[in-house]
Amino acid sequence: MVDKRKSLPPSLTIKLGKWVWTNLWQIMMSRLAPRNNVGEYIRPASQFRETVGIEAEKKYQPAAQRYRLFVGLSCPWAHRTLVVRSLKGLEDAISVSILSPEGDRGIWAFEEEQEGCRTLPELYNLAKPNYNGRATVPVLWDEETKTIVNNESAEIIVMLNAEFNQFAQNPTLDLYPEQLKAKIDHWNQKIYHTVNNGVYCCGFAQSQEAYEKACQELFSTLDEIDNILSTSRYLCSDTVTLADVRLFTTLFRFDAVYYGLFKCNWRRIQDYKYLSAYLQDLYQLPGIADTCNLEAVKTDYYGNLFPLNPGGIIPLGPLSTLSN
Ligand SMILES: N[C@@H](CCC(=O)N[C@@H](CS)C(=O)NCC(=O)O)C(=O)O
């Protein structure tokens, strides 16, 4: 028999639980995801913005084995750099170090010390003492001057495409050709706001209105792209461009994490006739499957974004439809 005198009335338990959890959730979300006054997620700007180039005045000259990429396998932004490195055949010229999230501290950590650092914030501090921004992947690191050249994936992939051709296995592959630049830039902008960052705006929204707006914009762009892909193999032409690379890394994660964890659940990519075929097409390009790790994606998103999944349970599905 339950002793009724000793238990709290259910309505009080629910009220108290909700009050505590909602307040804690808001505090945690404000640390995880900066927001504006209507609850929309605002992504902080990257702070290291130098470039590699052959111009005489450039501090960072192209060279083989001088630069290193620091990446996390779950991260869609870092994934862009691995895809371009692979498509261009830069594996021998640019090395890669993989970090993993250290759950309780919410930071990226190395398996083995690198440059005397155990964590990514320590590496950022080595590059810029008293650095107070986010320590994000990807990082393009210069082994010669021991500093961060750039930590903005959108810029790193432009450099990998154009500046290292003399060391590349596929130097003639141009993912950002002059005649398509305007079109690629147009799509990059749109895809960044509504898809790449759009899924985060859904998942990190801190009001119903902010979530609905982001979700509608996301699916409106996906519908539009599905339509374009009914007559075109890739987004901007019949050859792969940087716009496809940038779209690919979000699509690859979509059904596994964004659909469930980030509530992007109007449709799955699998439900789109042309987008699903396009995802499979990109996945099958030589070297791309090797840059993809769905287990790391699921473990890191479901395991480390605590306020979105406090129980820490990692779903078993979905069954992957991708094959190479
Ligand atoms: N603008 C950056 C964003 C990179 C980014 O947000 N990376 C996430 C992982 S998916 C990160 O490292 N977050 C750690 C943090 O914010 O502390 C880029 O595109 O390079």
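The values are calculated or read from the model by the stated rules, or taken from the named source; none is laboratory data. Here the structure is a predicted model, which means the values were calculated and not measured. Positions of Cβ are generated from backbone atoms using ideal geometry, with glycine treated the same way; all protein chains shown enter the neighbour counts. Note: accessible area is taken over every heavy atom of the protein model, side chains too, but ligands, DNA and RNA are not part of it. Shrake-Rupley method; radii C 1.70, N 1.55, O 1.52, S 1.80 Å.
Show me 140-147, 51-58 ranked by packing, highest mean number of other Cβ atoms within 10 Å first. Please list the in-between numbers first.
Numbers: 140-147: 16.8, 51-58: 11.9.
So the peptides 140-147, 51-58, ranked by packing, come out 140-147, 51-58.
Gain in length, ALA296 to ALA154, computed as 0.36 nm per residue apart minus the alpha-carbon separation, to one decimal in nm? Mind showing how you got there, number by number?
Details: separation 142, 0.36 × 142 = 51.12 nm, distance 2.23 nm.
Taking ALA296 through ALA154 to full extension adds about 48.9 nm, to one decimal.
At 1.4 Å probe size, with every protein chain present, just tell me what the per residue accessible area of the chain comes to in Å².
Details: 16620 Å² over 324 residues.
Accessible surface, normalised per residue, equals 51 Å².
Pop the C-beta distance of ASN36 and THR147 into the FRET formula with R0 = 30 Å and round what comes out to the nearest 0.05. Mind showing how you got there, number by number?
Values: r = 32 Å, r/R0 = 1.08.
For R0 = 30 Å, the calculated efficiency reads 0.40.
If I compute solvent accessible area with a 1.4 Å probe over the protein chains, what percent of it on the chain is carbon and sulfur? Kindly include the intermediate steps, with their values, before the conclusion.
Values: 8720 of 16620 Å².
Whole-percent figure for carbon plus sulfur exposure: 52.
Place the peptides 248-258, 158-168 in order of packing, highest mean first, counting for every residue the other Cβ atoms within 10 Å and averaging per peptide.
Working: 248-258: 23.9, 158-168: 19.3.
Output ranking for 248-258, 158-168: 248-258, 158-168.
Under 16 Å between alpha carbons, and skipping anything fewer than 8 positions from LYS181 in its own chain: which lysines qualify?
Cross-link targets: LYS190.
With no solvent and one equal point scatterer placed on each C-alpha of segment 178-308, evaluate the Debye formula and give log10 I(q)/I(0) for q = 0.14, 0.21 Å⁻¹, two decimals.
-0.62, -1.33
Given H placed 1.01 Å from N in the peptide plane, which residues other than close sequence neighbours of ARG35 have an amide H under 5 Å from its amide H?
Amide H neighbours of ARG35: ILE42.
Cα centroids of segment 196-257 and segment 72-146: how far apart, whole angstrom?
When both Cα centres are located, 25 Å separates them.
Could you compute the FRET efficiency for ASN125 and TYR192, with r as their C-beta to C-beta distance and R0 at 22 Å, rounded to 0.05? All intermediate terms of the calculation are to be shown ahead of the outcome.
Numbers: r = 28 Å, r/R0 = 1.29.
Once rounded, the FRET efficiency stands at 0.20.
How high is the relative contact order of the chain? Use alpha-carbon pairs under 8 Å, at least six apart in sequence, and give a whole percent. Each step should come with its number before you reach the end.
Numbers: 455 pairs, mean separation 61.4, N = 324.
Reported relative contact order: 19 percent.
Apply 1/(1 + (r/R0)^6) to the Cβ-Cβ distance of TRP25 and LYS181, taking R0 = 45 Å, and write down the FRET efficiency to the nearest 0.05.
It comes out at approximately 0.55.
Which helices, taking whole DSSP H runs in the chain, have alpha carbons extending 20 angstrom or more along the helix axis plus mean Kyte-Doolittle at least 0.0? Working shown, then result.
Values: long enough: 10-32 (32 Å, 0.23); 208-228 (30 Å, -0.60).
Flagged H segments are 10-32.
Which value in nm describes the separation of the simple spin-label points at GLU102 and GLU212, placed 7 Å from the Cα toward the beta carbon?
In this crude label model, GLU102 to GLU212 measures out at 4.2 nm.
Give me the three principal axis extents of segment 209-261 from the C-alpha atoms, as integers in angstrom, largest value leading.
Cα spread of segment 209-261 along its principal axes, largest to smallest: 37, 19, 16 Å.
Between Rg and the Kirkwood Rh of the chain, both from Cα atoms, what is the Rg to Rh ratio?
1.01
Mind listing the phi-derived Karplus ³J(HN,Hα) values for segment 129-135, rounded to whole Hz, using 6.51, -1.76 and 1.60 with θ = phi - 60°, and x for any glycine or proline?
Whole-Hz 3J(HN,Hα) from phi for segment 129-135: x, 6, 4, 10, x, 6, 9.
Count the DSSP beta bridges whose two residues both fall in segment 67-167, then state the antiparallel fraction as a percent rounded to the nearest 5. Before the final figure, lay out each step's value.
Numbers: 13 of 18 bridges.
Here the antiparallel bridges make up roughly 70 percent for segment 67-167.
Could you work out how much longer the chain between SER230 and GLN169 gets when fully extended? Use 0.36 nm per residue separation minus the Cα distance between them, nm to one decimal. Kindly include the intermediate steps, with their values, before the conclusion.
Details: separation 61, 0.36 × 61 = 21.96 nm, distance 3.18 nm.
Result for the pair: 18.8 nm of gain on full extension.
Modelling each spin label as a point 7 Å along the Cα-to-Cβ direction, I'd like the LYS263/ASP92 distance in nm, to one decimal.
Inter-label distance under the simple model: 5.1 nm.
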